[in-house]
Structure formats: C-alpha cells, structure tokens
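Notes follow the structure.
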Amino acid sequence: MKLITFSVQTHLGTQTRIGALLGDKALDLNFAYAAMLHDSGKTERYYPLAEALVPSDMITFLQGGEQSMSAAKQAIEFVQQRRANNQALRGPDKQILLYALKDIELLAPVTNPGSIRDTISFETHAKNFEKRTGKPIPELWYQQPLYYKGNTRTVVGHNTEVPWPNYTEKLDYELEFGVYIGKTGSNIKAENAHAYIAGYTIFNDISARDVLQKEITMLLGPAKGKDMDMGNVMGPCLVTPDELDPSSLDMQARINGEVWSTGNSSDMYWSFAKIIEYISQSETLYPGDFIGSGTVAFGCGDELDRWVQPGDVIELEVQGIGVLTTTVGQRTCNTKTIT
C-alpha cells in the first residue's frame, strides 16, 4: 500500500485524513472502511469501528499494527471492486471516498513524528566527504551507525515551498529515503527489525551548507545547519514493506527538470535493520518514529559544487515510492546573525 496523510477542504473547514494512493486518486481509508461495514449489513456501529481500526491520524493508525493494516487493505479491496463493477462510491452519509490529487494537499505521511534520527549510511557519500575535506573517514563510521536528531516540528510534505533561512548563503538539498517505525520495541535484533518497519518514504533533508560546515568542527553535530522551519521534507507517501525491497532502489534528484544526482540504495553500508538494532539498544522506538538513510552518493549540491537558487523546483525520486517535490523560497532581507 501507498499510505498518505492529506488535508481537504470540506463544509466543516479543513480536515486532515489518512488515505491510500490508487493511481491518480486518493482514497479516504476511514470513510471507505465505514462504507464497507455499512454495506455488509453486519453492524450498525460502522463509524466507531472504522475510527478504531482506521483512524484519521497516521501515528494512531500505525499503533493499530496488523489489525489496522488489514482493515486498510480490506477498504482498498472494497473500493477497487466497486470501481470495477461501476458501483457508486460514497460513504454511509454520502461522504466522498475518492479525491483527485489536485483537490487535496499531500502532507508528510507522519505529520509530527515522535522522533527524527538521520544517519550517514551511504559509503560513497562518506568517501566523497573525505575527498572534499582531506580528512579520512573515522574508523568509528565502520564500527557503528552514526546519526543526529532532528526537529520534529519542522516536518512538511509534498509540493511545499521551503523558506530560505536568513542566515545562509548556500542552501542545499539532500536526496535520501527513510523508514517509519510501526511497532513499539527496544533491544531489537537486526534479524527481527523488519517487523518493526511500517514503511518507507522519501526525505529531503534541507541544509544550510555553509553554516553546517562550521558547526561540525565543534564535534557536536548539526545545529542551525539543519534546524530551520520546514527543513524536514517527507513524502509523498508511506510505502508498506510488502511492496518495496529497499536493497536496490534507483534514486534521482532533478532541479528544474535537470538531473543533478543519481544513485542507488545498494550503496548503503548500514542497512535499516542494523541501524534499528543499534538505535534501539536500551532505548524504546515507537510507531511514527522516523529514521533517515542519509544522503545517497552525489545526492546533494555540496558534492557537486552546484547550488539551488530561490524559485528552483527540487524533485527527489526514489524507485517504488514516487516523487517528492519542493520549491525553494525567496531570500528574505539580510538579517544574518550567524558568523
């Protein structure tokens, strides 16, 4: 399944819902499941049951585990069968079940993850850093996955305009993908980690590159080099593990339609299973937590010495997931305070 979180305008105002991508349509999973229960005639509690199993919040949905995933699949099958038979598609009280993508706004699949951890897992990307700086890759990099934590309140989704921070001259994209945790657990073994992955999404880790390069010399990890409003771009969907093999996915970044970066997930030195095993040592992971892959080889402007400009359209594509689009906002008046 390709699961989504979207907002839509209704007579009650803007509503946030979860759904599934069906071709060029977005299916409202909650109302679809309620419609399925209603049409079965087996219960009059179709709304409460739908809200319990297919709630409109993605983290709550993920907490439902296999029961919620199964209910979502049933809702999709119900709608697909009705479409094949040219039957009406409305909820129990005439709610819209299928939306054209132009009529909704795709938000990040998990709009407010409980945590963000981004790793540095692509070996060629790490080696390219070595070439640029003249510093060897620390031996620790090969001994354990390294990561930093991000600001969960700065997450945005597909087709978002990201403002240009007023303290940077070199704004950069990063071509990544990542996993959402779908099950609570700690001390997870790598061989069992697959059961804890709810799905995969694309991640554009916006960076203030000139600021970041100074910050990492302090050995504390990124600060304002990464922390900015709307700087964690995720989407357009969450692809469940039954539909995606992350071991060899083609990845591409296009700026204004021109290909800048290409890579493949097979260059990941640290698999998500190994990363989950390491992170979860004596620390509990929860449904909705996000873990990024880090940048694919040549997956950012810094590695190419090419820099995005205000108004540029960034498209990140990962095989099997889709395309995540971001527009670079205009520069504001110069109030730079970071030196």
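The values are calculated or read from the model by the stated rules, or taken from the named source; none is laboratory data. Everything quoted here is computed from the prediction, not taken from an experiment. Here the Cβ positions follow ideal geometry from the backbone for every residue, glycine too, while neighbour counts run over all protein chains shown. These area figures cover heavy atoms from the full protein model, side chains too; ligands, DNA and RNA do not enter into them. Shrake-Rupley method; radii C 1.70, N 1.55, O 1.52, S 1.80 Å.
Only residues that are open to solvent by 50 Å² or more (accessible area, probe 1.4 Å) and in contact (Cβ under 8 Å) with a residue 12 or more places away in the chain: list them for segment 63-75, please.
Answer for segment 63-75, where residues must be open to solvent by 50 Å² or more (accessible area, probe 1.4 Å) and in contact (Cβ under 8 Å) with a residue 12 or more places away in the chain: Gln63, Gln67, Lys73, Gln74.
Return the residues of segment 194-240 that are in a loop (DSSP other than H, G, I, E, B) and open to solvent by less than 70 Å² (accessible area, probe 1.4 Å); say none if nothing qualifies.
Answer for segment 194-240, where residues must be in a loop (DSSP other than H, G, I, E, B) and open to solvent by less than 70 Å² (accessible area, probe 1.4 Å): Ile206, Gly221, Pro222, Ala223, Gly225, Lys226, Asp227, Met228, Met230, Gly231, Thr240.
What number of residues within segment 10-49 are without any contact (Cβ under 8 Å) to a residue 60 or more places away in the chain and open to solvent by 60 Å² or more (accessible area, probe 1.4 Å)?
14
Does Glu243 fit the bill of being surrounded by fewer than 19 Cβ atoms within 10 Å (Cβ to Cβ), out of contact with any Ser or Thr (no Cβ under 9 Å at 6 or more places or on another chain) and within 21 Å of Ile4 (Cβ to Cβ)?
yes
Specify the residue that is surrounded by the fewest Cβ atoms within 10 Å (Cβ to Cβ); the eligible residues are those in segment 117-136 that are modelled with pLDDT of 95 or more and not polar (S, T, N, Q).
Filtering first and then ranking leaves Arg117.
For segment 261-271, give me the residue count where each residue is crowded, with 21+ Cβ neighbours inside 10 Å and either part of a strand (DSSP E or B) or in contact with a helix residue (DSSP H, G or I) (Cβ under 6 Å, 6 or more places away or on another chain) (or both).
The number of residues fulfilling the criteria is 3.
Filter segment 272-282 down to the residues that are open to solvent by 60 Å² or more (accessible area, probe 1.4 Å) and under 16 Å from Asp118 (Cβ atoms) and list them by number.
Once the filter is applied, which keeps residues that are open to solvent by 60 Å² or more (accessible area, probe 1.4 Å) and under 16 Å from Asp118 (Cβ atoms), segment 272-282 yields Lys274, Tyr278.
Go through segment 145-184 and count every residue that is in a loop (DSSP other than H, G, I, E, B) and either among the hydrophobic types (A, V, I, L, M, F, W, C) or open to solvent by less than 50 Å² (accessible area, probe 1.4 Å) (or both).
Selection size over segment 145-184: 11.
Considering every residue within segment 290-299, establish whether at least one is polar (S, T, N, Q), outside any loop (DSSP other than H, G, I, E, B) and more than 20 Å from Gly114 (Cβ to Cβ).
Scanning segment 290-299, I find no residue that is polar (S, T, N, Q), outside any loop (DSSP other than H, G, I, E, B) and more than 20 Å from Gly114 (Cβ to Cβ), so the answer is no.
Hey, Asn192 hits all of (1) under 29 Å from Gly64 (Cα atoms); (2) of a type in the set (S, T, N, Q); (3) touching a residue at least 12 places away in the same chain (Cβ under 8 Å) but one; which does it fall short on?
So the condition that Asn192 fails would be (3).
Only residues that are more than 19 Å from the chain's Cα centre (by Cα), open to solvent by less than 40 Å² (accessible area, probe 1.4 Å) and among the acidic types (Asp, Glu): list them for segment 283-314, please.
Asp302, Glu303, Asp312
Go through segment 76-134 and count every residue that is among the β-branched types (Val, Ile, Thr) and free of Cβ contacts under 8 Å to residues at least 60 places away in the same chain.
So the count comes out to 2.
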